[in-house]
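Read the structure below first, then the notes.
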Amino acid sequence: MQQNRFLAALGLSVALAGSALAAATPATAAARPDVPALVADAGYTTLAYSTAPCSSSGTTAGDATLAATLNTKLSAKMDGYMDAYRVSCARKVVQAVQARGLHPRAATIAITTTIVETGIRNIDEMVDHDSLGLFQQRASWGTASQRLDPTWATNAFLNSMLNKFPNNSWMTTQIGVVCQTVQVSAYPDRYQPEAGDAQIIVDALWGSNDFDGDGDADLLARNATTKDLHLYKGNGSGGFTSGTGAAISNNWSAFDIIFNAGDFDGDGDADILARNASTKDLHLYKGNGSGGFSSGTGAAISNNWSAFDMIFPAGDFDGDGDPDVLARNASTKDLWLYKGSGSGGFSSGAGAISNNWSAFDRIFSVGDFDGDGDPDVLARNASTKDLHLYKGNGSGGFSSGTGAAISNNWSAFDMIFSVGDFDGDGDGDVLARNASTKDLHLYKGNGSGGFSSGTGAAISNNWSAFDRIF
């Protein structure tokens, strides 16, 4: 934000701040990354601001552990200053980006901005005129409660970014320039130096479908014979890295449903949920962020999911910042929402959110497919084989009048699923296995509820060996 406003809020003149800035040593200037840049650079090292929680569930031991790890990697303003609270705030920003199906670069841009504006703190006092929150957004952006909601504030920032950089031009514009264009700071050169650390923070938090921690969406597949789980590493441009496909875990024969649940336990790494075919209990397998699983993982986190014939991830479907799960009741065919707690379990109050989905033989989450900021659901009609889009409303339900067919006759495919933005263009995509050839086809989302022209090419041949791909 324009830093002369901080001076006004502090009752200081520009001349006074200038003399203080001139007198500050480099060590003093870097001493407080948790306050806006002018205050830190002017040497006001004792100034502290009131902050609001970023997560309703508070911080976790995993937040503290991740903060300690980050403090060994960061080298700019946040070096040594990450803590559990800042990790919890950064996680909300990253999750908001993931919910929209945007490329990780959008999260890096947003985190860069919060580092400069607030040191990744949700400031709830108006020290800069009427600015509030992680991004220090003025009252013209929204109400106080909105600006102090990290998910809302991040989406407001992203909306502005996408408006000012159409056609995904933010993907190729220098990060500092994007931040400055949205924030309109009097000191535009402060953003770019923080972009490297922001990338490190995003890499640590980007769970979703990035199973190996390299920032690109990946695929997991279970071998139909050995039941081993194989990792196919995405290359970020619609294909796979060379030599990928190794088995990362043996004998998953016990499970009849397996899916990538995003960062379900809040530690920054993508996790797997699996339903035991006999007990019907749901088990959590915690990813280690480098293409495998944490030691001792696999415990049952919820009992007896026998009532459901489909269970799949929904992203942050209710808008609270935590990944959720959707499930179709095998008898009523109603769709149920199970709200993730953000720490490896579920919140109380699960319930049916939509009635009678019996018409569909495939239902899956696709992230924000229509570009409105809320996760959506795609479903294939069992009779027509047309693909229908159900637009999420961001609060645990669907928009009015949703459900229109967006693509005709997907009868050729025996598996249809999404792993988010697989080609790196910022829009959610769909993958499908041809029932005859067993080739894997990529259908590129256009970011507005449909597919790009000429999409649907095979990107990998003969996946006949697998009975589960996700």
Angle between the chain longest axis and helix 61-70 axis [Cα atoms, degrees, rounded to 10]: 60
Within the accessible area of the chain (1.4 Å probe), percent carbon and sulfur: 48
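For the chain, what is the charge dipole size about the Cα centre, in debye to the nearest 20, if Lys and Arg each add +1 at the Cβ and Asp and Glu each add -1 at the Cβ?
Details: 31 positive and 50 negative charges, 57 e Å.
Roughly 280 debye for the chain.
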With DNA, RNA and ligands ignored, accessible area of Lys339 (1.4 Å probe; Å², nearest 10): 70
Free-standing Cys, the chain [no other Cys Cβ under 4.7 Å]: Cys179
Accessible area of region 80-120 divided out per residue, in Å², using a probe of 1.4 angstrom: 14
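For n ≥ 4 DSSP H runs only, could you compute -39500 (n - 2.57) per run for the chain, divide by its residues and tell me the 222 nm figure to the nearest 500? Spell out each step's value before the answer.
Numbers: 11 runs with 106 residues, N = 470.
That comes out to -6500 deg cm²/dmol.
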In degrees, nearest ten, helix 195-205 long axis to first principal axis of the chain (Cα): 40
Integer Hz, Karplus 6.51/-1.76/1.60 couplings in order for region 331-338, x for Gly and Pro: 8, 7, 6, 6, 9, 10, 10, 10
Solvent-accessible ranking of Arg190, Arg121, Arg362, largest area first, probe 1.4 Å: Arg362, Arg190, Arg121
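The values are calculated or read from the model by the stated rules, or taken from the named source; none is laboratory data. Just so it is clear, the structure is predicted and the values come from calculations on it, not from any experiment. Note that each Cβ is placed from the backbone with ideal geometry, even for glycine, and that neighbours are counted across all protein chains shown. What goes into the accessible areas is simple: the full protein's heavy atoms, side chains included, and nothing from ligands, DNA or RNA. Shrake-Rupley method; radii C 1.70, N 1.55, O 1.52, S 1.80 Å.
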